[in-house]
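The values are calculated or read from the model by the stated rules, or taken from the named source; none is laboratory data. Bear in mind that the values here come from a model prediction, so they are computed numbers and not experimental data. Cβ: placed from backbone, ideal geometry, glycine included. Neighbour counts: every protein chain shown. Side chains are part of the model used for accessible areas, which takes the heavy atoms of the whole protein and leaves out ligands, DNA and RNA. Shrake-Rupley method; radii C 1.70, N 1.55, O 1.52, S 1.80 Å.
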Amino acid sequence: MPDIDIDDHSDVWVFIEEHAGEVAPVSWELLSEAKGLAEELDEDLVALAIGEDLDDVAEEAVERGADKVLVADDPVFEPYRADPYGEQFRYLVEEREPDVVLIGGTHTGRDFAGRVAVPAYAGLTADCTELGIDEDGHLEARRPAFGGNVLATIKCERHRPQMATIRPGVFATADPDPDHEGEIEEVEVIVEEADTISEVVERNVGDTADITDADRVVAAGRGVEGNVEPVAELAEALDAELAASRAAVDEGWIDGARQVGQTGKNVRPDLYVAVGISGAIQHIEGMNDSDIVVAINNDPNAPIFEHADYGIVGDLFEICPELVEQLEDVDDPAEVLA
Amino acid sequence: MTDQWTVVVGIKQVPDEDDVTIDPDTGTLNRSGADSILNRPDRNALEAALEIKDQVDANVIAVTMGPPQATPVLEEAIAMGCDDAVLVTDRAFAGSDTWPTSLVLASAADYLDADVVLCGEETTDSSTGQVPPGIAAHNGWAQLTYAEELEPKPDEDQIVAKRDVEGGHEYVAADLPVVIAFAYGENEPRPAGLHRKIYAETEFEPEQVTAEELPIDTDRVGLAASPTQVGGMETVDPVEREQERLESPAELLETLAEEGVV
Ligand SMILES: Cc1cc2nc3c(=O)[nH]c(=O)nc-3n(C[C@H](O)[C@H](O)[C@H](O)COP(=O)(O)OP(=O)(O)OC[C@H]3O[C@@H](n4cnc5c(N)ncnc54)[C@H](O)[C@@H]3O)c2cc1C
């Protein structure tokens, strides 16, 4: 066990995930949520940005509530790689001893969080959906277990920092306040290209749609069997975002940025329509905060019907076009029904 | 071609999640009725390892950290085609969170002289996905998570992975030794051959390795050395849904209009 003096550690850190100038929405969600934690702990809220050309990102972090922004700006960090990111982040954690470190539960966040937590001997909790502070000032990180039937509370009482990855879409983002003031500090970059042990050979990144704050979501599953068209048309007719189960993403039919579930995103729309989705626990976890859930599935015994308010048993290739037809030619879908 | 590669595959025995139930009276988890099975994503890791072996000269060794009762998952790995399997077992490991677990597996990878460590994306019982990056961090090795395709480059001592990233894919070349977390469902795990199955079940005995042999200081593993602790479990009431069956699209739209969502 390392000799860790817990009282030496202060500040709540939020990692600002940025790729080629675009910030992952979960970073701003965390910054909003962490403000309350920092206040409760009477500590500063610190944003940490790693990447290249981060001036705009740093300024936005201040507007979104950071008391301080640490910026590690260097070409070595673009595009993202686990080893330089992990190394730089670990250095900052060891040098500045934060109390709490929050990282988005994206592929990137989950990729490097362990590279910081292991050398720092920090406690790291995966994919949290709730955060709190207990009476002794420890972070309580809560995460669903066993298909969301159980919420486990994880604590880290003897190690610092208390680290957690947090699932995208569980916290709301507050509007930026252009009058908010904060300090921006360029930190020393300790990573050198010559020491890296990995190289990005090619990167093909397009659509990074944000499904997490859509009011209506229509999701396609393996039932579409490669033909997403009817579901995409239904989404359009309902003015909804198109989403997907992991199976549909894995098959390459729909982009991963649109995946709902345990290893995808949490959505909380007014209306969620699951089309050709069986309703595996990992999927349900990501859509359970939806207000009204509709399921369309040709298997009357599909578990999705237990997690839906309204269900139609039938072939999606017949039902989706019928729905679209009835919704068509009206600006406001509600009109047709009035 | 250069030296033979040693590919170590980390696998885990987990309770079948379909069998884990919640006692409605006490609110506690009931795992006793659950079958013990090989963590499903680990099958994809085993397949990826065997595909490396199909392409380059490699010795594939399955490793699990667990009690002797976990041996059946090692037998499954042997039946699928792994050359060898090792049980890393010690009472001192009990209660380990991801920090000591990845330390043990990192030490085992070192002990076995691994060039490549392959793991499943995450386990279905704890679903953290933290162990593969943890292994890489403990040993200072490269890592490739969310890997969907692998291309071994023996001449360059590298592996190139197609990785899933937000909004698309990237190809990353990593120097050996490298730890890879293979994405769940991204390949078709091969079935076990009948002869391998019989061999695995009748003749094969996994090598057992303890903390002392790795070697690992037992103060660094187990519950006491784990930075995170489970502070409590609350059952969450399932979200109440109407579960109403409707006959037609028209009826659905009518109902949704009444609800005020369309
Ligand atoms: C570690 C791990 C993480 C995971 N993370 C996620 C996650 O984040 N999100 C997620 O969604 N899953 C996740 N999964 C996968 C999950 O377990 C399921 O495999 C997946 O959700 C199944 O997707 P599906 O419902 O689209 O496909 P299937 O289970 O194959 O279901 C297809 C459904 O379509 C219906 N169907 C077929 N044809 C038609 C038709 N013509 N008309 C109407 N209905 C039709 C079928 O009856 C069936 O119910 C994860 C699994 C693991 C192990």
Fraction of beta bridges assigned by DSSP in segment B:5-230 that are antiparallel (%, nearest 5):
40 percent
For segment A:6-195, one quarter of the surface area of the C-alpha convex hull, expressed in nm², comes to 10.3 nm²
Throw me the Rg/Rh for segment A:173-221, computed over C-alpha atoms with Kirkwood Rh, two decimals.
1.14
Calculated diffusion of segment B:1-143, Stokes-Einstein form, Kirkwood radius summed over Cα pairs, 25 °C and 0.890 mPa s, µm²/s
156 µm²/s
Chains B and A: what accessible area do they bury, summed, in square angstrom to the nearest 100, with a 1.4 Å probe?
6700 Å²
Normalised Cα Rg of segment A:116-199, dividing by 2.2 N^0.38 Å with N its residue count, works out at 1.47
Given 10 Å bins starting at zero, what is the percent of C-alpha pairs of chain B in each, up to the one with the largest pair distance?
7, 26, 30, 19, 9, 6, 2
Per the 1.4 Å probe, what fraction of the accessible area of the protein assembly as shown, in percent, lies on carbon and sulfur atoms?
41 percent
Calculate the dipole size of chain A relative to its Cα centre from +1 charges on Lys and Arg beta carbons and -1 charges on Asp and Glu beta carbons; express the result in debye to the nearest 20.
1840 debye
Roughly how many Å is it from the Cα centre of segment B:183-262 to that of segment A:270-330, as a whole number?
24 Å
Radius ratio Rg over Rh of chain A, counting only Cα atoms, Kirkwood formula for Rh
1.02
Springs between alpha-carbon pairs under 10 angstrom, Gaussian network model over chain B: which of B:147, B:211, B:106 fluctuates most?
B:211
Please grab the % of Cα pairs in segment A:236-289 that end up more than 17 Å from each other.
29 percent
How big, on average over all directions, is the shadow cast by the Cα convex hull of segment A:211-336, in nm²?
6.7 nm²
Inter-chain Cβ neighbour average for residues A:46-52, partner chain, 10 Å:
0
Distance in nm between pseudo-label sites at residue B:230 and residue B:21 (7 Å out along the Cβ direction from Cα):
1.9 nm
So residue A:315 and residue A:186, fully extended at 0.36 nm per residue minus their Cα-Cα distance, gain in nm 40.7 nm
Let me confirm one metric for peptide B:140-148, namely the mean number of other chain beta-carbon atoms within 10 Å of its residues' beta-carbons.
5
For every helix of n ≥ 4 consecutive DSSP H residues, a contribution of -39,500 (n - 2.57) applies; sum these over chain A, divide by its total residues, and give [θ] at 222 nm rounded to the nearest 500 deg cm²/dmol.
-8000 deg cm²/dmol
Column: log10 I(q)/I(0), Debye, Cα scatterers of segment B:90-219, q = 0.09, 0.10, 0.14 Å⁻¹:
-0.32, -0.40, -0.77
Debye intensity ratio in log₁₀ form over the Cα atoms of the protein assembly as shown, taken at each q of 0.07, 0.08, 0.09 Å⁻¹:
-0.43, -0.57, -0.72
How large, in Å, is segment A:157-283 by the Kirkwood hydrodynamic radius built from its alpha-carbon pairs?
17.7 Å
Which loop-located GluC sites (Glu not before Pro) does segment B:166-238 contain, where loop means any DSSP state but H, G, I, E or B and the Cβ has at most 15 other Cβ atoms within 10 Å?
B:203, B:212, B:213
Positive end of the charge dipole of segment A:6-195 (Lys, Arg +1 and Asp, Glu -1 on Cβ, about the Cα centre): tell me which of A:20, A:168, A:100 has its Cα farthest that way.
A:168
So if R0 is 35 Å, what FRET efficiency would residue B:171 and residue B:30 give, r being the distance between their Cβ atoms, rounded to the nearest 0.05?
0.20
Antiparallel as a % of all DSSP beta bridges within the protein assembly as shown, to the nearest 5?
35 percent
With each run of n ≥ 4 DSSP H residues scored as -39500 (n - 2.57), what mean residue ellipticity at 222 nm is computed for chain B after dividing by its residue count and rounding to the nearest 500 deg cm²/dmol?
-8000 deg cm²/dmol
Average beta-carbon neighbours from other chains, 10 Å sphere, peptide A:305-317
4
Could you give the size of the charge dipole of the protein assembly as shown about its Cα centre, using +1 on the Cβ of each K and R and -1 on the Cβ of each D and E, expressed in debye and rounded to the nearest 20?
2540 debye
First measure r as the distance between the Cβ atoms of residue A:52 and residue B:188, then evaluate 1/(1 + (r/R0)^6) with R0 = 41 Å and state the FRET efficiency to the nearest 0.05.
0.55
Virtual spin-label span in nm between residue B:254 and residue B:208, 7 Å along Cα→Cβ
6.9 nm
